[in-house]
Structures are given as C-alpha cells and as structure tokens.
1. Sort out which residues of segment 102-128 are closer than 13 Å to Val27 by Cβ and assigned to a loop (DSSP other than H, G, I, E, B), and write them in order of number.
2. Please list, ordered by first then second residue, the pairs with beta carbon atoms under 8 Å, 6 or more apart or interchain, first in segment 106-120 and more than 16 Å from Ile71 (Cβ to Cβ) and touching a residue at least 40 places away in the same chain (Cβ under 8 Å), second buried (at least 16 other Cβ atoms within 10 Å of the Cβ) and of a type in the set (Phe, Trp, Tyr).
3. Taking interchain pairs and intrachain pairs at least six residues apart, which have beta carbon atoms under 7 angstrom, with the first residue in segment 75-93 and within 16 Å of Leu31 (Cα to Cα) and the second loosely packed, with under 15 Cβ neighbours inside 10 Å?
Amino acid sequence: MEKREALFEAAAAARRHAYAPYSNFAVGAALITSSGAIFSGANVENAAYPIGTCAEAGAIAAMIAAGERQIAELLVLGDGAALTTPCGACRQRIREFAAPEAKIYAAGPEGIRAAFTLAALLPDAFGPDNLQEKLT
Ligand code: THU
C-alpha cells in the first residue's frame, strides 16, 4: 500500500474510536516515522473541556511509547467543509519530532484534501535546536 494511503487508513480507523461527545467532531491522526512504522491516535474529550486531547497528541504519544522519535509525515482527518489542519498547539507538538520539511496532510472522509510542510504551518518555529547550547 502506498504511504499516504496507509496513513489515511490508519487515521480513519483511529477516528472511528474518537471520543468526542461534546464537540461531535471526531478526528483521527496517523504518522509515519523515519523507520516506516505507523502510529495513530484519536481525539479524547473530557467533561472538563480544556483537558481533552487532540488526535495528533495521541499519535505522538503512541510513537514515543514504542521507542521512536522521528516523524516523517503526518495526516490528520476530520469532517466538514473547512480543512482540518493541526491546531496551533499540535503544530508545536509535531515540531518537537519532525523536520521543517516534514509533510502534513489534511484529509476529509473522502481522502487527502491538502498537503503542507510543517514549516508552512509553523514558520520560524521554536524547537529543540533552540535549547541545544543549554543541553550540552
Ligand atoms: N481536534 C483534533 O483532535 N485535532 C485537530 O487537528 C483539530 C481539533 C479535536 C479537538 C476537539 O476534540 C475537537 O477536535 C474539536 O475541536
């Protein structure tokens, strides 16, 4: 299966398990690492609204738990007329583990609608490199 197709299928499968009773906006995300492994996540809302988590955060947590660190590409899948792109906080979460050139796909139920680079979504980002001198 082609990489983007595999990402779409993984995001769609995760989205079917989304827990979004408050917004009724189910989201699925899937990422592929530099080693070719795919991890997915769904949004998990909460009665205490602000602590709900995004699909992207779930996919990143799954990647880290499996011992991987490098996001090559990520796809986010949501419904509706407007494009579902990662929220601002998730752009920063992705930045931690992805290069500026990493591809980010925005998809609807019918397939991929748009492709961006991370740098296009989060220009001049603050990231791990900024703290390199402090860490060494
Ligand atoms: N949401 C995501 O999971 N990812 C996105 O990229 C956009 C928004 C979720 C958060 C919340 O559960 C619901 O969508 C509505 O904002």
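1. Selection gives Pro109 alone.
2. Correct list of pairs: Ala107/Phe8; Gly111/Phe8; Ile112/Phe8; Ile112/Tyr105.
3. Matching pairs, first to second residue: Gly78/Phe25.
Every number in this text was worked out from the coordinates using simple rules, so none of it is lab data. Not measured: the values here are computed from a predicted model. With ideal geometry, Cβ positions are generated from the backbone for all residues, glycine too; neighbour counts draw on all protein chains shown.
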